[in-house]
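Novice: Can you read through this structure? Questions will come right after.
The values are calculated or read from the model by the stated rules, or taken from the named source; none is laboratory data. Because the structure is predicted, anything quoted here is derived from the model rather than measured. Cβ: placed from backbone, ideal geometry, glycine included. Neighbour counts: every protein chain shown. Please note that ligands, DNA and RNA were not included when accessible areas were found on the heavy atoms of the full protein model with its side chains. Shrake-Rupley method; radii C 1.70, N 1.55, O 1.52, S 1.80 Å.
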Amino acid sequence: MVRTHLNGNHPLMKNIISNRTYYIINGNASFDVENEHFELKQGDTLTIPKDTLYKFEGVFDAILISCPAFDEKYDVIYRD
């Protein structure tokens, strides 16, 4: 579990072994998960299953929970 801050956007990605849960502490976030769009605000939670493509943007602080635990070698990031 980590606290994270984003001011901008994160490219399309997936994690091949971990489910990810984002809990928005403050701010606003837009997530595109596969073919669905989510607008999140303070107090909202979004869980993204392993091996699922997603990207996000906004200005927000969040608690990120990865299960199993985060290991960057399992992140696949797609850059334009």
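Novice: Residue by residue through the stretch 53-66, note down the ones that are open to solvent by 30 Å² or more (accessible area, probe 1.4 Å) and out of contact with any Lys or Arg (no Cβ under 8 Å at 6 or more places or on another chain).
Specialist: Lys55, Glu57, Val59
Novice: Right, something else. Sort out which residues of the stretch 67-80 are open to solvent by 70 Å² or more (accessible area, probe 1.4 Å) and in a strand (DSSP E or B), and write them in order of number.
Specialist: Scanning the stretch 67-80 gives a single hit, Cys67.
Novice: Give the stretch 1-16 a look and list any residue that's among the polar types (S, T, N, Q) and either closer than 15 Å to Asp71 by Cα or touching a helix residue (DSSP H, G or I) at 6+ places or on another chain (Cβ under 8 Å) (or both), or say none.
Specialist: Hit for the stretch 1-16 is Asn15, nothing else.
Novice: Of the residues Lys50, Lys14, which is open to solvent by 40 Å² or more (accessible area, probe 1.4 Å) and not in a strand (DSSP E or B)?
Specialist: Just one listed residue meets the conditions, Lys50.
Novice: Output the qualifying pairs, or none if there are none: Cβ atoms under 9 angstrom, residues six or more apart or on different chains, first residue in the stretch 3-30 and at positive phi, second residue part of a loop (DSSP other than H, G, I, E, B) and open to solvent by 40 Å² or more (accessible area, probe 1.4 Å).
Specialist: Gly27/Gln42
Novice: On to the next question. Quick one: count up the residues across the stretch 17-37 that are of a type outside the set (Val, Ile, Thr) and either surrounded by fewer than 16 Cβ atoms within 10 Å (Cβ to Cβ) or within 14 Å of Pro68 (Cα to Cα) (or both).
Specialist: Adding up the residues that qualify gives 11.
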